[in-house]
Amino acid sequence: LTERLPHLSALIMDIRGHGNSSSPFPSPHNFHTCTEDIFETLQSLELTGDRSPTAIVGHSLGGRLALQYAHALSTDSVQSKLQAPKQTWVLDAVPGQPDPSVHHILRTISSIPLPIESKSWLFKNLTEKHNLNKGVAMWIASNLKDIEKYEQKQQSEQNLKGKQHKPLEWVFNLDMANELIHSFAEQKFVPMIRDITSQPSSIVNLVI
């Protein structure tokens, strides 16, 4: 989008417990604290006042947080020094509890011991032992990263066995993800949309 529209700029964030933000954060882990993280990041970058983001986009859990962010600013933009976005894009997110499959997937990956040998091992484990379909298993296996810190002895032992790859771990923090999932039912999805869109020039776009 920014390549096609060079007058626009974008800030891409990993929410707490995910990607490069997977390091420990102080509890509690919920939609409110995630929104506070966004506020603090924007304020640290001096993206406040007239430089506040004019739009926010989020996918799935990120869509829920985009809604939470826009709602917080539509009701109290003075305290944060941030202006409410004119457009809020919520992608693949619906009101209410997360689909039961989300809880099943979290329970499944929580049962898998770390470190993980390889993506192919994980894929086989998920499809054969846990009976997940191949598409879901492939998606889960894409959420792995090399463990940056591991004992030299373990590396040497693996090399001797012909395993040249590094051990793997999740790109997200499982404890935080399991705690964040409880915020889904607590969020007043539809009333929030009504509050946001009652403000002048505020639009919420739902893509499901």
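The values are calculated or read from the model by the stated rules, or taken from the named source; none is laboratory data. Treat the numbers as computed from the prediction; the structure is a model and nothing was measured. All Cβ positions, glycine included, derive from the backbone under ideal geometry; neighbour counts span all protein chains shown. Each accessible area value is taken on the protein alone, full model and side chains, heavy atoms only, with ligands, DNA and RNA left out. Shrake-Rupley method; radii C 1.70, N 1.55, O 1.52, S 1.80 Å.
I'd like to check one number: the per residue accessible area of the chain, probe 1.4 Å, reported in Å² as a whole number.
I get 63 Å² per residue for the chain.
What is the distance, in nm, between label points placed 7 Å from the Cα along the Cα-to-Cβ direction at Asn178 and at Leu1?
For the pair Asn178/Leu1, the computed spacing is 3.4 nm.
Please check: in the Gaussian network model of the chain (C-alpha springs, under 10 Å), which one of Trp89, Trp121, Trp170 has the largest mean-square fluctuation.
Ranking Trp89, Trp121, Trp170 by mean-square fluctuation puts Trp121 first.
Starting from the Cα of Ser198, step 7 Å toward the Cβ, then list every residue of segment 69-113 with an amide N under 13 Å from that point.
74-76
At R0 = 22 Å, how high is the FRET efficiency between Val190 and Glu36 if r is their beta carbon distance? Nearest 0.05 is fine.
That gives a FRET efficiency of 0.40.
Under a GNM of the chain (C-alpha, springs under 10 Å), which listed residue has the highest mean-square fluctuation: Pro100, Pro53, Pro191?
Ranking Pro100, Pro53, Pro191 by mean-square fluctuation puts Pro100 first.
Over 13 Å apart: what share of the alpha carbon pairs of segment 7-66 falls there, rounded to a whole percent?
66 percent
Which order do the peptides 5-17, 54-66 come out in when sorted by mean C-beta neighbours inside 10 angstrom, highest first?
Descending mean neighbour count gives 54-66, 5-17.
Looking at Ser74, Gln187, Pro167, which one has the Cα that reaches farthest to the positive end of the dipole of the chain (charges on Cβ: Lys, Arg +1; Asp, Glu -1)?
Pro167
So if I take the alpha carbon set of segment 21-142, get Rg, then get Rh from the Kirkwood formula, what is the Rg over Rh ratio?
1.09
Can you work out the FRET efficiency for the pair Arg51 and Asp76, with r the C-beta to C-beta distance and R0 = 25 Å, to the nearest 0.05?
So the FRET efficiency works out to roughly 0.85.
Fully extended, how many nm does the chain gain between Gln87 and Asn133 (0.36 nm per residue separation, minus their Cα-Cα distance)?
13.0 nm
Quick one: what do you get for segment 64-125 if you divide its Cα Rg by 2.2 N^0.38 Å?
Relative to the rule-of-thumb radius for its length, segment 64-125 sits at 1.78.
Would you kindly state how much longer the chain becomes between Ser110 and Ser44 on full extension, computed as 0.36 nm times their sequence separation minus their alpha carbon distance, in nm to one decimal?
20.3 nm
Starting from the Cα of Lys124, step 7 Å along the direction of its Cβ; do the same at His103; then give the gap between the two resulting points in nm.
3.2 nm
For the chain, divide the Cα radius of gyration by the Kirkwood radius and give the resulting Rg/Rh value with two decimals.
Taking Rh as the inverse mean 1/r over Cα pairs, Rg/Rh reads 1.04.
Which residue fluctuates most in the GNM of the chain (Cα springs below 10 Å): Ser183, Ser22, Ser101?
Result: Ser101 has the largest fluctuation of those listed.
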